[in-house]
Amino acid sequence: MSRYAILTNDLQHDLVDKNEQRKANVERMTPDFVRFLARARELDVTVIHLQLIYDEGDKKLELHDGRIPVLRGTPGAELLPEFLAPTDVVMEKKKDSGFFETKLHEYLEEHGIDTLIITGMQAQVCIQTTAADAHFRGYNVVVPSDGVVSTRDEDRTRALEWLASYCAVVTPMSDVIERIRTGAGFDFSVQALP
């Protein structure tokens with residue numbers, strides 16, 4: 001029987017509020033995503049929030065309006081409260097992938113988690129890199145098609161197509177919950193590349 005965890009990526013004030021389109025896309029996803037997280041918690045699925053925290057000394061930072069976003073201890077680095085619950089785990093990361101120089105892999109191994117449901121922003125960056133790194137480490141990967149956003153719809157579409165063709169089962173949040181609830185699970189068999 002699979003043991004699941006949901007990973008959220010970058011649902012933080014500075015990152016969501018970076019531009020109006022990104023903010024609107026997260027707002028559109030929020031009601032269904034909040035219900036999805038609540039239902040998953042009821043099914044004993046661990047929710048892990050990957051919180052991007054930039055290091056001022058990093059030479060490869062993306063500035064927002066000339067300033068460094070998501071610095072530790074700033075309001076902009078805080079996770080959006082509507083997605084948090086007291087039982088959730090918050091894990092800092094300093095790059096796009098949730099596995100890069102973090103304790104995520106150790107945490108998942110320690111808790112016997114073998115299947116990751118990867119959500120949040122941006123589909124073509126943090127979702128793809130975290131999913132690929134999970135795949136390389138032997139985890140089963142699920143990406144809810146309506147549980148990820150990008151600033152531009154074409155980036156999200158392209159990312160979901162890549163994920164589905166390479167390392168993840170891509171399916172709506174409602175299907176994810178139903179498969180976990182009923183114990184039906186997912187088909188993670190590897191497709192032959194053309």
Total residues in segment 33-43, condition loosely packed, with under 15 Cβ neighbours inside 10 Å and in a helix (DSSP H, G or I): 4
Looking at this structure, is Val70 at pLDDT below 95, touching a strand residue (DSSP E or B) at 6+ places or on another chain (Cβ under 9 Å) and closer than 22 Å to Thr30 by Cα? yes
Every residue from segment 165-194 that is open to solvent by less than 80 Å² (accessible area, probe 1.4 Å), at pLDDT below 95 and part of a helix (DSSP H, G or I): Ser165
Residues of segment 125-149 satisfying the condition of being buried (at least 22 other Cβ atoms within 10 Å of the Cβ) and among the polar types (S, T, N, Q): Gln128, Thr130
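Residue-by-condition table, conditions (1) charged (D, E, K, R); (2) at pLDDT 95 or above; (3) assigned to a loop (DSSP other than H, G, I, E, B):
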| residue | (1), (2), (3) |
| --- | --- |
| Lys60 | yes, no, yes |
| Glu82 | yes, yes, no |
| Met91 | no, yes, no |
| Ser97 | no, yes, yes |
| Tyr107 | no, yes, no |
| Gly112 | no, yes, yes |
| Ile117 | no, yes, no |
| Gly120 | no, yes, no |
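The values are calculated or read from the model by the stated rules, or taken from the named source; none is laboratory data. Being a predicted model, the structure only gives us computed values, none of them experimental. Virtual Cβ from ideal backbone geometry, glycine too; neighbours counted across all protein chains shown. Note: accessible area is taken over every heavy atom of the protein model, side chains too, but ligands, DNA and RNA are not part of it. Shrake-Rupley method; radii C 1.70, N 1.55, O 1.52, S 1.80 Å.
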